Structure formats: C-alpha cells, structure tokens
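Report on one structure; see the data block that follows.
The values are calculated or read from the model by the stated rules, or taken from the named source; none is laboratory data. Bear in mind that the values here come from a model prediction, so they are computed numbers and not experimental data. When we count neighbours, we look across all protein chains shown, and the Cβ atoms used for this are built from the backbone with ideal geometry, even at glycine.
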Amino acid sequence: MPLQQVVPTIKPVKSAVKRSRLLIVDDDPTQLRFYLQGLNDVYHCQFASSASEAVTFARQFPQPDLIILDVVLPDVNGFEICQILKEDQLTSHIPVIFVSGQDDVESKLKGFEHGCVDYISKPVLLPEMQARISTHIKLKQQTIMLESLAYTDPLTQVGNRRKYNETLQREWARSIRYGQPIAMLLMDIDYFKQFNDFYGHGVGDDCLIKICSHLRDLVNRPGDLFARIGGEEFVILLTDCGIEGALRKADEVLRTVSMLNIANQGAPKLDRVTLSIGVAVTTPKHQEEPLTLFQAADEALYEAKHSGRNKFSV
Ligand code: GH3
Ligand code: MG
Ligand code: MG
Ligand code: MG
C-alpha cells in the first residue's frame, strides 16, 4: 500500500511550543498508523518506508531531531541505514532509536555498535517510547548547548581558542588532502593597554565586543573562521585562499576597524583604535604541522607592529 494512503493528512496541532521533529522509518502500514496516532500530537512526524526515503528525509532541512528506525526493511536493513547516517557529516548528529521485533541481545548490541542511542522491542508500549524519545531529545539539546558554550568566547560571542584549534586541525588536513592553499590573518589591537588605562577595562571590553561584531561579518564562507584567541588577539582562517585573497581580506579588516572610528587618546601616536595584522599563506604538505602557519603569521605580525602598526605584513 502506498505510504500516502496509510498516512493521509497529518493534522497540525496548535501549540505555542515548537514541536520536535521525528523521522519515523517503518515499512509496516499498521505500525505507521500506530505511530501516527500515538506520537503526532506531541511531535512533528515525518514518515519513510524505505532506506532511500529515510536517508533523503534525514538530510533535508529542517532536519529531524530524532529518528525512529525499524530494523527489518524491504531494501536495506536498519543497521545499514544507521551506519550510512552516522558516516555522513550532515546526519551523524541525529540520534537514532531502533524499534524492532528482533529483541535478542545480539541484535540489540548490533544496534548500539551501529551508533543508535536506544533500542526498543516491539510490541511498543507507547508511554515508554514517548519517555525514551523525550529523554534523548533533551540530552541532544543539552549536548548542543554545551558544545556551543565550549566553542564560544563569552565576552564577544565569537569562536574561542578551542574553536580555532579544532577548525585549524580540520581545515589543515583538508588542505593537505586537496592540495589547496590556506591563509591565516593574525590580528592584535594596537596600544590596547593604554586604551584600558585611559578609558577603563569596561570600555575596553565594549571595544572588543564592537570590533568582533564587525569583523565576524567579514568571514562568511563555510570552513572559514573568525575567532578570539587571546585578550585582544584574533584570527581569521581562510580555506582554499591564496595570497591575493588573504591580502584583500587584511585590507578589508583595516578599513572596517578604521570606519568604526573608536577614539584611543591613550595611544602615543595614533588617536583611533587600530590593529596590526600578520598574514601567512601556505599549501601544506604531509607531515607539516599547522603550527608552522601560526608561526609565520606571528612573525609577520611582529613585523607589522615594529614597522608602525595599523598595517599588515606578510
Ligand atoms: P601593542 O600595540 O604592542 O599590541 O600594544 P598593546 O598595549 O595592545 O600590548 P599588548 O598586546 O601586549 O596588550 C594587551 C592588552 O590588552 C593588555 C590588557 O590590558 C588588554 N586586554 C587583554 N584582554 C582584555 C580583555 O578581555 N578586556 C580588556 N578590556 N582588555 C584586555
Ligand atoms: Mg519492518
Ligand atoms: Mg596582544
Ligand atoms: Mg595589542
């Protein structure tokens, strides 16, 4: 029977709270009807009856918050679907709960080996299933929140040093794999100690927030990064970017900060807040460490500082 006949129209439930989205994968029309009646009031349910539908729906936006996956399906079995989802960067984060008539311990262990968060035996007891779904969705939301906190600088809300380290490792490896260049801009605000001494630490913090909120907008390609890696030190990482692109970006950064026009009467020479930039570009080779890129950018920054500040050096 076609899926549309089994699951005709799903009535929208009026609720102020945003409902979590479930993707339910099962080839048995009776089972699907059971899920529809039992879960659709609480969750936004989407149904699939084959592996290809399941994978397609899991990748589509808005993505499901959790997947209920039958083990025995007509085309590919649930374990294999779970493996496909877990190996795909786009879907690996979505928790999967297996629901199956196969309730022997080997099958359950196999489910966990393939990356599920839970395994429920058929026949399904609805309240128990709802409790498990709700628990796993809450756990997932908490994980997302903790990850976001772990990678965000609390003052400026941009990526922090941990985010920088992980992004650099990942993009460095990708650059080696594809033989592509990668660029780093290392930035340090000029005479910021004097700024703090003159205006106070609170105004210094506001200045950092303002600069970050504008510089983050200059970085918008996937894989690229703007992060605060120290007190008044920032990094821009540009993937698949050669020297011309890097210099253009450095020029954009200087112009952006200059347009903010923040007074710094504490500075000995310059009366506005400015920053200096060290630019480094490389096409990394196997065995080479990402630290070499940072060191090159750091040396260039030193050069920019010592040749007058408010400029970039390579
Ligand atoms: P230079 O031009 O050589 O970079 O001079 P500088 O005064 O900026 O020197 P340096 O980079 O060594 O000084 C960093 C100063 O930044 C020291 C500290 O007072 C200030 N700073 C670091 N983190 C913060 C922060 O979170 N908030 C505020 N308000 N100031 C900070
Ligand atoms: Mg089945
Ligand atoms: Mg500094
Ligand atoms: Mg400084």
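Being exposed (fewer than 12 other Cβ atoms within 10 Å of the Cβ), of a type in the set (Asp, Glu) and more than 16 Å from the chain's Cα centre (by Cα) holds for only one residue in 70, 75, 104, and it is 104. Annotation note: of 205, 224, 188, 217, the sole residue that is more than 26 Å from residue 296 (Cα to Cα) and either acidic (Asp, Glu) or within 21 Å of the chain's Cα centre (by Cα) (or both) is 205. Take residue 212 and decide whether it is away from ligand 3 (no atom under 12 Å from the Cβ), within 21 Å of the chain's Cα centre (by Cα) and not basic (Lys, Arg). Yes; evaluated as a whole, the condition is true for this residue. Quick one: is residue 237 surrounded by 14 or more Cβ atoms within 10 Å (Cβ to Cβ), within 16 Å of ligand 4 (Cβ to nearest atom), at pLDDT 95 or above and of a type in the set (A, V, I, L, M)? No; evaluated as a whole, the condition is false for this residue. Can you find a residue that is without any contact (Cβ under 8 Å) to a residue 40 or more places away in the chain, more than 16 Å from ligand 2 (Cβ to nearest atom) and of a type in the set (A, V, I, L, M) anywhere in segment 163-180? Yes - at least one qualifying residue is present in segment 163-180. Please determine whether any residue of segment 283-294 is within 15 Å of ligand 4 (Cβ to nearest atom) and touching a residue at least 40 places away in the same chain (Cβ under 8 Å). Checking segment 283-294: not a single residue is within 15 Å of ligand 4 (Cβ to nearest atom) and touching a residue at least 40 places away in the same chain (Cβ under 8 Å). Within segment 277-314, the residues that satisfy the criterion of being touching a strand residue (DSSP E or B) at 6+ places or on another chain (Cβ under 9 Å) and of a type in the set (Asp, Glu) are 288, 298, 299, 303.
Of the helices (runs of 4 or more DSSP H) entirely within segment 54-172, those holding at least 2 residues that are at pLDDT below 95 occupy 126-150. Pairing each residue of segment 303-314 that is touching a residue at least 12 places away in the same chain (Cβ under 8 Å) with any residue that is among the basic types (Lys, Arg), provided the two are 6+ apart or on different chains, yields C-beta distances under 6 Å for 304/311.
Taking each residue of segment 32-57 that is among the acidic types (Asp, Glu) and looking for partners that are assigned to a loop (DSSP other than H, G, I, E, B) and at pLDDT below 90 with beta-carbon atoms closer than 7 Å, six or more apart or interchain, yields 41/13.
Among the residues of segment 178-219, just one is part of a helix (DSSP H, G or I), β-branched (Val, Ile, Thr) and within 8 Å of ligand 1 (Cβ to nearest atom), namely 203. Taken over segment 155-202, the residue count meeting the criterion of being more than 26 Å from residue 313 (Cα to Cα), within 16 Å of ligand 3 (Cβ to nearest atom) and charged (D, E, K, R) is 1. Count of segment 220-233 residues, restricted to those that are within 16 Å of ligand 1 (Cβ to nearest atom), part of a loop (DSSP other than H, G, I, E, B) and within 19 Å of residue 182 (Cα to Cα), is 1. Scan segment 260-288 for residues that are in a loop (DSSP other than H, G, I, E, B) and exposed (fewer than 15 other Cβ atoms within 10 Å of the Cβ) and the total you get is 11.
Within segment 95-117, residues that are at positive phi sit with their Cβ atoms under 7 Å from residues that are of a type in the set (D, E, K, R) and outside any loop (DSSP other than H, G, I, E, B), at 6+ positions apart or across chains, in these pairs: 115/86. Going through segment 115-142 one residue at a time, which ones are surrounded by fewer than 13 Cβ atoms within 10 Å (Cβ to Cβ) and of a type in the set (Asp, Glu)? Across segment 115-142, the qualifying residue is only 128. In the set (1) at pLDDT 95 or above; (2) of a type outside the set (Ser, Thr, Tyr); (3) more than 16 Å from ligand 3 (Cβ to nearest atom), residue 221 fails one condition alone, (1). Can you find, within segment 183-221, the residue that is farthest from residue 154 (Cα to Cα) among those that are within 15 Å of ligand 4 (Cβ to nearest atom), crowded, with 19+ Cβ neighbours inside 10 Å and charged (D, E, K, R)? So the residue we want is 190.
Of the candidates 121, 52, the single residue that is within 16 Å of ligand 2 (Cβ to nearest atom), of a type outside the set (Val, Ile, Thr), over 22 Å from residue 20 (Cα atoms) and touching a Ser or Thr at 6+ places or on another chain (Cβ under 9 Å) is 121.
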